[in-house]
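Visitor: Dropping the structure in here first, questions after.
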Amino acid sequence: MEILISESDIAAKVAELAETIRKDYGLADLVLVGILKGSIFFLSDLAKHLGVNVTMDFIQTSSYAGEKSSSGVVQIRKDLDSSIEGKHVLLVEDIIDTGLTLNHLRELLETRKPASLKVVSLLSKPGARKHETQIDYLGFEIPEKFVVGYGLDYAERYRNLPFIAVLTDEA
Ligand code: IMP
C-alpha cells in the first residue's frame with residue numbers, strides 16, 4: 001500500500017475545514033448528516049472541532065457492494081432518524097467519485113425542505129466525475145485511484161487505517 005495522505009495531514013485539513021464551517025454557520029443550529037459507513041471518522045473528528053450547536057444523524061446508501069467501481073444504482077439502506085425540515089444540514093461525505101451518490105442524496109434531502117443544504121467531502125476524484133456536482137467544502141483532490149483508510153473500505157476492510165492509502169491490485 002502506498003500512503004497518499006498521512007494522519008497528520010488529515011488532522012490539519014479537518015481542523016481547517018471545521019474552522020471555515022464554524023465561521024460560515026456562526027451560532028446557527030447545524031445537523032451533520034454522515035453517509036455511512038465511510039464518513040464515520042471524518043464526521044466525528046470534524047464534529048469535535050465544531051461548536052455546541054451541532055447534532056448528528058446518519059444515512060446509508062449502497063452503490064459499490066464490495067466492488068471497486070460503482071454499480072450505478074443508489075439504494076437507501078438506512079434513512080435519517082429525524083426530520084430535517086427547516087434545519088441547516090451539512091452532508092458529510094468521505095469521497096466524491098462519479099458524483100452519483102451525492103446528487104441522489106441532494107435530490108432526496110431537498111424534498112424534505114431543509115433551511116439549507118451544503119456538502120463537505122474529505123476527498124474528491126475530479127477525474128472520475130460522471131455527474132455534475134457541487135462540493136461546498138473540500139479537503140483534498142486525489143487522482144483516479146482506489147483508496148482506503150480513515151473510514152474508506154474495500155469489501156469492509158481497511159476502514160480503521162489512520163491514513164489514506166492507494167489500494168494496489170497486489171494488495
Ligand atoms: P460516487 O457515487 O461514484 O461518487 O461514489 C461515492 C461513494 O463510493 C463514496 O461514498 C464511497 O463509499 C465509494 N467510493 C468511491 N471511491 C472510493 C474509493 O476510492 N475507495 C473507497 N470507496 C470509494
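Visitor: Checking LEU152 against (1) modelled with pLDDT under 95; (2) more than 21 Å from LEU30 (Cβ to Cβ); (3) aliphatic (A, V, I, L, M), which single condition isn't satisfied?
Guide: The single condition LEU152 does not satisfy is (1).
Visitor: Looking only at segment 127-144, count how many residues are more than 23 Å from ALA15 (Cβ to Cβ) and loosely packed, with under 15 Cβ neighbours inside 10 Å. Before the answer, list the steps.
Guide: Initial filter on segment 127-144 (more than 23 Å from ALA15 (Cβ to Cβ)): 127-134, 143-144.
Subsequent filtering for residues that are loosely packed, with under 15 Cβ neighbours inside 10 Å retains 127, 130-132, 134, 143-144.
Total meeting the criteria: 7.
Visitor: Right, something else. If I ask for residues that are open to solvent by less than 60 Å² (accessible area, probe 1.4 Å) and not small (Gly, Ala, Ser), which ones from segment 5-17 would you list?
Guide: Selection gives ILE5, ILE10, LYS13, VAL14, LEU17.
Visitor: In this structure, does THR98 turn out to be among the polar types (S, T, N, Q) and open to solvent by 60 Å² or more (accessible area, probe 1.4 Å)?
Guide: Details: among the polar types (S, T, N, Q): yes; open to solvent by 60 Å² or more (accessible area, probe 1.4 Å): no.
So THR98 fails the test.
Visitor: Can you pull out the residues in segment 54-97 that are polar (S, T, N, Q), more than 21 Å from TYR150 (Cβ to Cβ) and at pLDDT below 95? Walk me through it before giving the result.
Guide: Our first condition is that a residue be polar (S, T, N, Q); within segment 54-97, this holds for 55, 60-63, 69-71, 75, 82-83.
Subsequent filtering for residues that are more than 21 Å from TYR150 (Cβ to Cβ) retains 55, 71, 75, 82-83.
Within segment 54-97, SER71, GLN75 qualify.
Visitor: Also, I was wondering about something else. Quick test for you: out of LEU36, LEU46, pick the one residue that is within 27 Å of ARG129 (Cα to Cα), surrounded by fewer than 21 Cβ atoms within 10 Å (Cβ to Cβ) and either modelled with pLDDT under 95 or within 16 Å of the ligand (Cβ to nearest atom) (or both).
Guide: Numbers: LEU46 fails: surrounded by fewer than 21 Cβ atoms within 10 Å (Cβ to Cβ).
LEU36 is the lone residue from the list that is within 27 Å of ARG129 (Cα to Cα), surrounded by fewer than 21 Cβ atoms within 10 Å (Cβ to Cβ) and either modelled with pLDDT under 95 or within 16 Å of the ligand (Cβ to nearest atom) (or both).
Visitor: I would also like to ask the following. What is the number of the single condition among (1) touching a helix residue (DSSP H, G or I) at 6+ places or on another chain (Cβ under 9 Å); (2) more than 30 Å from LEU167 (Cβ to Cβ); (3) loosely packed, with under 15 Cβ neighbours inside 10 Å that VAL52 does not meet?
Guide: (1)
Visitor: Related question: Looking only at segment 101-115, which residues are touching a residue at least 12 places away in the same chain (Cβ under 8 Å) and either open to solvent by 30 Å² or more (accessible area, probe 1.4 Å) or over 27 Å from PRO126 (Cβ atoms) (or both)? Step through it out loud before you land on a result.
Guide: Within segment 101-115, the subset touching a residue at least 12 places away in the same chain (Cβ under 8 Å) is 101-106, 108-109, 112-115.
The answer is ASN103, HIS104, ARG106, LEU108, ARG112, LYS113, ALA115.
Visitor: Among the numbered criteria (1) at negative phi; (2) loosely packed, with under 15 Cβ neighbours inside 10 Å; (3) not charged (D, E, K, R), which one does TYR25 miss?
Guide: Here TYR25 meets the rest and fails (2).
Visitor: Follow-up. Go through (1) open to solvent by 20 Å² or more (accessible area, probe 1.4 Å); (2) away from the ligand (no atom under 11 Å from the Cβ); (3) under 23 Å from VAL54 (Cβ atoms) one by one and return the number of the condition ILE84 breaks.
Guide: Looking at each condition in turn, ILE84 falls short on (1).
Visitor: Among the residues of segment 107-160, write down those that are in a strand (DSSP E or B) and either of a type in the set (Gly, Ala, Ser) or near the ligand (Cβ under 9 Å from one of its atoms) (or both). Reasoning before the result, please.
Guide: First pass over segment 107-160, keeping only residues in a strand (DSSP E or B): 116-124, 137-141, 147-149, 152, 154, 157.
Of everything in segment 107-160, those that are in a strand (DSSP E or B) and either of a type in the set (Gly, Ala, Ser) or near the ligand (Cβ under 9 Å from one of its atoms) (or both) turn out to be SER116, SER121, LEU123, SER124, GLY139, VAL147, VAL148, GLY149, LEU152, TYR154.
The values are calculated or read from the model by the stated rules, or taken from the named source; none is laboratory data. Owing to the predicted nature of the structure, the values given are computational and were not obtained by experimental measurement. Cβ atoms come from the backbone with ideal geometry, glycine included; neighbour counts cover every protein chain shown. All accessible areas refer to the heavy atoms of the entire protein, side chains included, with ligands and DNA or RNA removed. Shrake-Rupley method; radii C 1.70, N 1.55, O 1.52, S 1.80 Å.
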